[in-house]
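The values are calculated or read from the model by the stated rules, or taken from the named source; none is laboratory data. Small disclaimer: the values here were computed from a predicted structure and weren't measured. Cβ coordinates were reconstructed from backbone atoms using ideal geometry, including for glycine residues, and neighbour counts include every protein chain displayed. What goes into the accessible areas is simple: the full protein's heavy atoms, side chains included, and nothing from ligands, DNA or RNA. Shrake-Rupley method; radii C 1.70, N 1.55, O 1.52, S 1.80 Å.
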Amino acid sequence: MVWNTNLRWRLPVTCLLLQVALVVLFGVFVRYDSDADPHWIDSKMQQNSTSDLENEFYYRYPSFQDVHVMIFVGFGFLMTFLQRYGYSSVGFNFLLAAFGIQWALLMQGWFHSYDQGYIHVGVENLINADFCVGSVCVAFGAVLGKVSPVQLLIMTLFQVTLFSVNEYILLSLLEVKDAGGSMTIHTFGAYFGLTVTWILYRPSLHQSKERQSAVYHSDLFAMIGTLFLWMYWPSFNSAVSNHGDAQHRAAINTYCSLAACVLTSVALSSALHKKGKLDMVHIQNATLAGGVAVGTAAEMMLMPYGSLIVGFICGIVSTLGFVYLTPFLEARLRIQDTCGIHNLHGIPGIIGGIVGAVTASCASSDVYGVKGLAIAFGFDGFKTNWNASMQGKFQAAGIFVSLAMALVGGIIVGIILKLPFWGQPADENCFEDSVYWEMPEEPKSTVLHPEDSTLKPSEP
Amino acid sequence: MVWNTNLRWRLPVTCLLLQVALVVLFGVFVRYDSDADPHWIDSKMQQNSTSDLENEFYYRYPSFQDVHVMIFVGFGFLMTFLQRYGYSSVGFNFLLAAFGIQWALLMQGWFHSYDQGYIHVGVENLINADFCVGSVCVAFGAVLGKVSPVQLLIMTLFQVTLFSVNEYILLSLLEVKDAGGSMTIHTFGAYFGLTVTWILYRPSLHQSKERQSAVYHSDLFAMIGTLFLWMYWPSFNSAVSNHGDAQHRAAINTYCSLAACVLTSVALSSALHKKGKLDMVHIQNATLAGGVAVGTAAEMMLMPYGSLIVGFICGIVSTLGFVYLTPFLEARLRIQDTCGIHNLHGIPGIIGGIVGAVTASCASSDVYGVKGLAIAFGFDGFKTNWNASMQGKFQAAGIFVSLAMALVGGIIVGIILKLPFWGQPADENCFEDSVYWEMPEEPKSTVLHPEDSTLKPSEP
Amino acid sequence: MVWNTNLRWRLPVTCLLLQVALVVLFGVFVRYDSDADPHWIDSKMQQNSTSDLENEFYYRYPSFQDVHVMIFVGFGFLMTFLQRYGYSSVGFNFLLAAFGIQWALLMQGWFHSYDQGYIHVGVENLINADFCVGSVCVAFGAVLGKVSPVQLLIMTLFQVTLFSVNEYILLSLLEVKDAGGSMTIHTFGAYFGLTVTWILYRPSLHQSKERQSAVYHSDLFAMIGTLFLWMYWPSFNSAVSNHGDAQHRAAINTYCSLAACVLTSVALSSALHKKGKLDMVHIQNATLAGGVAVGTAAEMMLMPYGSLIVGFICGIVSTLGFVYLTPFLEARLRIQDTCGIHNLHGIPGIIGGIVGAVTASCASSDVYGVKGLAIAFGFDGFKTNWNASMQGKFQAAGIFVSLAMALVGGIIVGIILKLPFWGQPADENCFEDSVYWEMPEEPKSTVLHPEDSTLKPSEP
């Protein structure tokens, strides 16, 4: 099928309309929170706080910046592995994330930071907006190469909305703990994206098969994304945890899980190749599954060895998924998952939800201390009559709610994106930057002959 | 014209002379400030401070590292978009910045940290030195590809000096606020660089036209620069703001402005192409204009929607500049602006100065609180009789001073750099690494045939 | 000689065995330290600490993340300069570091954090584990391209063990100060790696000579590594220093030393080329020598000019080493040092040890203050009868112990790695990714002709 891919009016109008709406909504609703307001000096004096460091900024800002890098460089470059889709991978990720964080500030703000008619934003809101967009980046991985930037903006608009509703149900109604977002970010994002790509199924996608693989340098660009995701994941899982020991513990657990995951990913990648060779796809992706799967439990008393076990399992499961499950999904279920997000975010996200539920239900005041337990799970507020076992059940419920929201939302959004006027590429033009980008001419002599005959050497 | 580009004696002698001079000057003048001196333990006890965290290091060091990345990776890789000038972009940026930060520590130190015969350096000095060099990196963008490393070192020597004088006039004499340097860094840097390139006008530059564009992978390298600049810009604009709410607010405002800027840059880039395609040059550059333009006002009560509006406008103005203004400047005004810094730093810098002046003149104790207003603009010191309106006027004056310093300084430095013995490349050899770099031979069979016939498979 | 390079069973079994052993050992030994344990709230209340910021996490976490980036992106990409070994450089570095940090947590834990049957890990342990692996990454540079991943895992297993013993001797028995690891990390790592590569000498390595050089884009990838190492080195040298002024001072000294080193590296690189051209190898490597050489003394009162002098000398020495010493070592001593680690880590490491010994022996209470001196060198504990001169002698002894451990350990490990069944590549297949990696097919028409004839333009 051939669609019109000239976006000259559709993309500018979409961007400008969305941005104007955001300006108006920010004008009406968004104000600084008390730690970012000049009156902070007054409240600091009232609280007899002597130190400027008590400003939330100093607790969270370094983690925020790490998360920010993960969203823009991490996800952006991870997807540059395709030989002819580097501009779009980095550029569209940039576009959707820049829109998504603004919309997320509003949506999450209405649910969580709304007071007396205003949303009050501080550094924690910035982190949560990045988190929300992280789930869109995950879904982007499933449809990568097959959608137009207009479709991506529309998907982001809806997905951020649904994410915020789902997050509100989990965190505020079910009182679930999910610091690193195994359920809210990864499970929701992955199954939402898989559902959308299932609806957008392209039976003739094999026509652009030759561009679905990597070239040598595109794989190295992708490793930039992998490594920044891998290195900063401890910050991701600890960024919004409680101050002090919880943030500290979340970082340690994530560090351990990710390290173990690398070894088992490498082991399986080699074992599943008939000559024992490693596959870059596994190294780029499966090594990260350990970070996804400790997202929920990272701030809990998972213990370092528990984290290693989670990473151990996820490296194996994720690599197996790339080798056996992705081809199966495409051939049998008509799910064309470009980046294999089912293996990196889907299954590990569900594992993470389960690990979190089990770890929570095993919590006891022996392990956490009486006060520690109350703080860790909020049992000191209106949840006074809760116990660990109840917490575990609600955690488990969170997985199913996230899956349900993802499937229903994905079907609706998928149908909207299937409309024929969003500028999507033809099947034979998928995974090709030149559809949406002005491309550089290929260099002629100069690059092929650097001992450049056009270069007149100056006299010494 | 043909110059001698063999730098064998000129570059080593320049580097070594400068570095020896720096060693001597550091020996005479530079000492640790009190927070970096072992006697800090005594002063801490005198002040009854119980916490080591009160050391300035913990307030500023994470921001410092982010700024450091912007200067070396951000600016360095942003300029690698040229197909045959990647070594020089990254390498010369590295060289000039490494020299510039040392010289800036001295120059800024004499103006701002000089006490009893010594310059006392701490982490804030390191940040300010990086800032100062940032303005040199901006100017480098205008002359990129057309100058020798010796010329760059000389330009850096003079520009850092002029920057420090201009900064002293603005911050200390005019009492201007300019946390993110819209005026001191971007306006000054851009118009200085444009004046230098105007003086160095090369009528036959079209002879190296074919190397002035990108190739596929060089554009991806440039995106590394773009994204690290974009992500860490909130740290840039907040790095030297007052502790607490001011730093916090500066980060939020910059985050908002940059996000809005991406959407309008994309919108205009598509709207201005006859087939609606995006241009990598705009995505790499115009998306950053929002960070430049909130530099002055970021720490003020610009409000989140105000930041969005600034970003909105700058994305549009900057992209229009790339499409219409840069060709006009080259054709009519003989200003050959390789990286389009006029669109990214020049105009947005001036906009930033204006936004700062307006925001400052609207400041009131209703919005800031009595104490907050005094702290934000330093109205509690010897500026007790100042008010917001006066502050606004002085802010506006800062723009004109910066422009004047840039133009006069640029002419002088341009004339010095026009001297024929600095090893500059001939017109037909511009934008070419091989003039100054030992180049690798192009690979022969191995890269073209990776199913390598020279690879003897071992027996299983 | 031809070995079997099919790793199908050897690599998976090695990875899985090691990881299972780590899980068991972590289960038996590793627990959270008190700052990462939920009981922290109780100890905080006992100490009358009002601020969550007193958690060690907030002192060290930003530095930890910077160090983490250096190990994985810094070292990983630094080694991608080889034209056909990018996958292996980044990927094997990722593998060995992920294994090494786990094993280092245990080894260093037994020596330094063992209490009542358990190792208690916190953020400082994570930093130290990264440091330990840093020394393995250094050694990897010497054998790069000539060993299999199985050999690397075995080398890591032994080297981490030896590192921990050596570190224990230096830090705990000799009471040496070595915050940035000039001796423990760089000297030990470099001479260990050089000894291993000496044992593994390959007389016919010239058969893969054509892959031992760079291509244009591989050099740009390597610059990513260089710059992240260079920028974050101040964090590396200050990460585990005492809170407050010591961390602050270590960052300043490292910043100064590295800046000076860039100018002298450039100077020598140009001076040693007959046409005055710069060599990327020097820019990528010698510019970092200044960071190595202030590793020991960075937290001491080296003074900013002292740091500049150290950087000045190391830029010269390191560049001279690349031009004259590396070919000599290969031709005469049969030491094939792929990355020239002798010039970047070996000699500068020894210089760093000497600078540290001299600086320590010059320490006085005039310069440090009475309390400052006691804190800086731990003279207030059971070292009450020590003085600066004794400290200097013990520092010097540390260099020799590190060298001895490196040589003896390197010989033993080299002999083990020489066994013929580890899957090492044949001489003619060294520096070639395709031995261990599934390679992408070279693109056909699409990349060569982006004005893509297969792209059917949609109707407007």
*Could you list all residues from segment C:328-348 that are in a helix (DSSP H, G or I) and open to solvent by less than 50 Å² (accessible area, probe 1.4 Å)?*
C:LEU329, C:ILE341, C:HIS342, C:ASN343, C:LEU344, C:HIS345, C:GLY346, C:ILE347, C:PRO348
*Of the conditions (1) outside any loop (DSSP other than H, G, I, E, B); (2) more than 25 Å from A:SER265 (Cα to Cα); (3) under 25 Å from the mean Cα position of the chain (by Cα), C:GLN83 clears all except one; give me its number.*
(1)
_Please count how many residues of segment B:363-401 are of a type in the set (D, E, K, R) and in contact (Cβ under 8 Å) with a residue 24 or more places away in the chain._
2
*Being part of a helix (DSSP H, G or I) and closer than 18 Å to B:GLN102 by Cβ, is that true of even one residue in segment C:238-249?*
yes
*Scan segment A:16-64 for residues that are more than 24 Å from B:THR287 (Cβ to Cβ), more than 7 Å from chain B (Cβ to nearest Cβ) and aliphatic (A, V, I, L, M) and jot them down.*
A:VAL28, A:MET45
*Any residue in segment A:67-77 that is closer than 25 Å to B:THR287 by Cα, open to solvent by 10 Å² or more (accessible area, probe 1.4 Å) and more than 8 Å from chain B (Cβ to nearest Cβ)?*
yes
*asked:* Between A:VAL310, A:VAL292, which is more than 9 Å from every other protein chain (Cβ to nearest Cβ) and within 18 Å of A:GLY340 (Cα to Cα)?
replied: A:VAL292
*Would it be correct to say that C:HIS217 is farther than 30 Å from C:LYS146 by Cα and free of Cβ contacts under 8 Å to residues at least 12 places away in the same chain?*
no
*Might you check whether a residue that is touching a strand residue (DSSP E or B) at 6+ places or on another chain (Cβ under 7 Å), in a helix (DSSP H, G or I) and modelled with pLDDT of 95 or more occurs anywhere in segment A:159-166?*
no
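Somewhere in segment C:250-257, is a residue β-branched (Val, Ile, Thr) and under 30 Å from C:PHE431 (Cβ atoms)?
No: zero hits.
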*Filter segment A:421-444 down to residues that are of a type in the set (A, V, I, L, M, F, W, C), within 12 Å of chain B (Cβ to nearest Cβ) and assigned to a loop (DSSP other than H, G, I, E, B), then give me how many there are.*
1
*Do you know which residues across segment B:390-433 are small (Gly, Ala, Ser) and open to solvent by 10 Å² or more (accessible area, probe 1.4 Å)?*
B:ALA396, B:ALA397, B:ALA404
*Is it the case that segment A:113-131 has a residue that's of a type in the set (Asp, Glu), within 12 Å of another protein chain (Cβ to nearest Cβ), assigned to a helix (DSSP H, G or I) and open to solvent by less than 10 Å² (accessible area, probe 1.4 Å)?*
yes
*asked:* Being of a type in the set (Ser, Thr, Tyr) and either open to solvent by 30 Å² or more (accessible area, probe 1.4 Å) or outside any helix (DSSP H, G or I) (or both) is the filter here; which residues of segment B:349-364 pass it?
replied: B:SER361, B:SER364
*Here are C:SER43, C:SER51, C:SER88: which of them is without any contact (Cβ under 8 Å) to a residue 60 or more places away in the chain and over 26 Å from A:LEU302 (Cβ atoms)?*
C:SER51
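Among the helices (runs of 4 or more DSSP H) lying completely within segment B:250-327, list those that include at least 1 residues that are surrounded by fewer than 24 Cβ atoms within 10 Å (Cβ to Cβ).
Qualifying helices (runs of 4 or more DSSP H): B:280-285, B:304-320.
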*Sort out which residues of segment A:210-223 are in a helix (DSSP H, G or I) and at the interface with another protein chain (Cβ under 7 Å from one of its Cβ atoms), and write them in order of number.*
A:GLU210, A:ARG211, A:TYR216, A:HIS217, A:ASP219, A:LEU220, A:PHE221, A:MET223
*Starting from residues that are open to solvent by 10 Å² or more (accessible area, probe 1.4 Å) and facing chain B (nearest Cβ under 8 Å), keep the ones in segment C:224-245 and report whichever is nearest to the chain's Cα centre (by Cα).*
C:HIS243
*Would you pick out the residues in segment C:50-62 that are open to solvent by less than 10 Å² (accessible area, probe 1.4 Å) and under 16 Å from A:VAL67 (Cα atoms)?*
C:TYR61
*asked:* Testing B:THR80 on (1) surrounded by fewer than 24 Cβ atoms within 10 Å (Cβ to Cβ); (2) at the interface with chain C (Cβ under 7 Å from one of its Cβ atoms), one condition comes back false. Which one is that?
replied: (1)
*asked:* Please go through segment A:140-175 and give me each residue that is open to solvent by 10 Å² or more (accessible area, probe 1.4 Å), on the phi < 0 side of the Ramachandran plot and in contact (Cβ under 8 Å) with a residue 60 or more places away in the chain, ordered by number.
replied: A:LYS146, A:ILE154, A:LEU157, A:PHE158, A:LEU162, A:VAL165, A:ILE169, A:SER172, A:LEU174
